[in-house]
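None of the figures in this text is laboratory data; all of them are computed from the coordinates on show. Please read all numbers here as calculations on a predicted model, not as lab measurements. As a convention, Cβ positions derive from the backbone with ideal geometry for all residues, glycine included, and neighbour counts pool all protein chains shown.
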């Protein structure tokens, strides 16, 4: 099972493997990975707009935490929200393979 936690203070963590199909054929894993990798790439391409960034992408684990500068905060929040929409849609379609949760910006 893939577990995704979104902290509204611009942070997302994804752990686990979907196990929906054999490696290389798992559409849930591929979909979740594509969404999170795209978010990471967007942030990397705009790294000059970030005060801090922590991006980790490895097999079975992804973590993206950023602190945006000024006006880029709205863009950053929109990018995270778009990623969450995609992940939540995956979770609705494949609830046995991906679980998505949101926590308040203070980690609660």
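Numerical summary
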| item | result |
| --- | --- |
| Mean ellipticity per residue at 222 nm, deg cm²/dmol - from DSSP H runs of n ≥ 4 across the chain, formula -39500 (n - 2.57) | -13000 deg cm²/dmol |
| Percent antiparallel among DSSP beta bridges (both partners in the stretch 2-103, rounded to 5) | 75 percent |
| Degrees between helix 27-45 axis and first principal axis of the chain (Cα, 0 to 90, nearest 10) | 10 degrees |
| The chain: equivalent-ellipsoid semi-axes (sqrt of 5 x gyration tensor eigenvalues, Cα, Å) | 24, 14, 11 |
| Label zone at residue 71, where the point sits 7 Å out along the Cα-to-Cβ direction: the stretch 28-56 residues whose backbone N lies under 14 Å | 49 |
| Förster radius 41 Å - calculated FRET efficiency between residue 52 and residue 89 (Cβ-Cβ, nearest 0.05) | 0.90 |
| Rounded D (µm²/s) - the stretch 1-63, Kirkwood Rh over Cα pairs, Stokes-Einstein at 10 °C, 1.306 mPa s | 127 µm²/s |
| Degrees separating the helix 72-93 axis from the principal Cα axis of the chain, which is the longest one | 10 degrees |
